[in-house]
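Notes for the one structure printed next.
The values are calculated or read from the model by the stated rules, or taken from the named source; none is laboratory data. Fair warning: this is a prediction, and the values are worked out from it, not measured in the lab. Quick reminder, even Gly has a Cβ in these numbers, built from the backbone with ideal geometry, and neighbours come from all protein chains shown. Surface accessibility is based on the protein's heavy atoms, side chains included, excluding ligands, DNA and RNA. Shrake-Rupley method; radii C 1.70, N 1.55, O 1.52, S 1.80 Å.
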Amino acid sequence: MNSRYKGRLAAGLAVVALQFLLAGTASAHHPEIAAVAVCDANNDLVIEYTATAWVPVNTNNIIAKRTNPDIAILVNGSEVDSGAFVNPTFSFSGSVAAPTGTSAAVTARADGTWGNGFPGGQSQSVTVTYPTEPCTGPSLGRFTGGGRQLRLSDGLKVTRGLTIHCDLLLSNNLEVNWATGNKFHMEEHLVTTACTDDPNIIQNPPPAPLDTLVGVGTGRFNNKPGYTIEFTLVDAGEPGGNDQMAIKIYEAANPSNVVLDLPLQQLNNGNLQAHYDQPHKNNP
């Protein structure tokens with residue numbers, strides 16, 4: 001091999017090595033993005049995101065490569081937030097309001113220079129699909145219904161009728177009857193301790209923002225005041241055979257004096273029905 005050919009070969013290999021090095025350096029600098037659309041505490045649809053710097057674990061000077069002082073977050077192409085990749089986590093998270101539609105493109109873009117001097121400009125995007133159910137607070141729901149249960153432990157028959165609102169703004173009613181001639185009438189619904197929508201419970205139809213309500217009230221037992229009722233309502237779909245209710249009634253001044261204790265169990269007949277709270281016009 002003559003010296004001229006060797007020189008050309010060496011030069012060619014040097015160019016290839018340089019191109020490979022540059023390509024490798026470029027690929028070693030980019031942001032990653034993960035995002036999801038959720039309903040926040042105010043029942044607004046938001047996009048929660050986490051942006052993270054990425055470099056191969058076998059590169060030199062990893063910390064320097066991962067730092068970047070200016071990472072832009074874009075939703076559908078518009079910048080909505082920014083942050084920095086800094087030691088030790090090289091990531092940051094945030095939340096932004098979701099734009100209208102059924103999905104959104106969320107992007108992390110490196111606008112700043114990387115810690116080892118490599119220029120920015122790299123980006124990564126993900127598509128976030130919105131939940132199909134609206135962000136309607138369960139406080140806008142209510143329960144109606146009635147029916148009968150047989151207590152599993154002894155066959156005691158318990159019947160009830162009710163209208164209960166989560167937000168307590170409208171009148172509530174709950175009447176319970178059981179053998180032998182016992183009755184309870186709720187006079188004041190003190191508090192709803194939880195109105196929730198369990199994704200594992202299908203309560204449709206009709207659509208409603210909740211399937212479970214847990215509450216506490218006071219009332220009269222056999223026309224005698226001073227009794228408390230704790231109750232749980234579960235609407236598990238139609239025609240009501242899988243609906244459940246729990247009831248505990250006791251003397252407020254002496255909680256150990258329990259006059260009725262019905263554990264959570266299925267109705268034997270009747271129906272419990274969750275609704276949007278129609279008087280507030282919140283049905284979407």
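Roughly to the nearest percent, how much of the accessible area of the stretch 92-152 is carbon and sulfur, given a 1.4 Å probe?
So the carbon and sulfur contribution to the accessible surface is 51 percent.
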If you count only protein heavy atoms with a 1.4 Å probe, what accessible area per residue comes out for the stretch 74-134, rounded to a whole Å²? 54
In nm, give the distance between the simple-model label positions of residue 154 and residue 87, each being 7 Å from the Cα along the Cα-to-Cβ direction. 7.2
Between the stretch 239-257 and the stretch 71-148, how far is it from one alpha carbon centroid to the other, in angstrom? 43
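Report the far tail of the P(r) of the stretch 199-264, meaning the percent of Cα-Cα pairs longer than 16 Å. Numbers along the way, then the final one.
Working: 1149 of 2145 pairs.
Roughly 54 percent, rounded to a whole number.
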For the modelled label position 7 Å from the Cα of residue 129 along Cα-to-Cβ, which residues of the stretch 103-122 have backbone nitrogen atoms closer than 12 Å? 103-104
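Over the Cα atoms of the stretch 113-170, compute the convex hull volume and normalise it per residue, giving Å³. Can you show the working numbers first?
On the way: hull volume 15.4 nm³, N = 58.
Cα-based convex hull of the stretch 113-170, divided per residue, equals 266 Å³.
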With no solvent and one equal point scatterer placed on each C-alpha of the stretch 40-133, evaluate the Debye formula and give log10 I(q)/I(0) for q = 0.18, 0.19, 0.26 Å⁻¹, two decimals. -0.80, -0.86, -1.33
Long-range amide H partners of residue 114, meaning residues 5 or more apart or on another chain whose placed amide H is closer than 5 Å, are 120
Over the Cα atoms of the stretch 148-255, each weighted equally, I'd like the Debye log10 I(q)/I(0) at q = 0.15, 0.17, 0.22 Å⁻¹, rounded to two decimals. -0.68, -0.86, -1.28
Counting Lys and Arg as +1 and Asp and Glu as -1 over every other residue whose Cβ sits under 10 Å from the Cβ of residue 114, the net charge comes to +2
Per-residue ³J(HN,Hα) for the stretch 241-255, Karplus 6.51 cos²θ - 1.76 cosθ + 1.60, θ = phi - 60°, Hz, x for Gly and Pro: x, 9, 5, 9, 8, 10, 9, 9, 10, 8, 6, 4, 7, 9, x
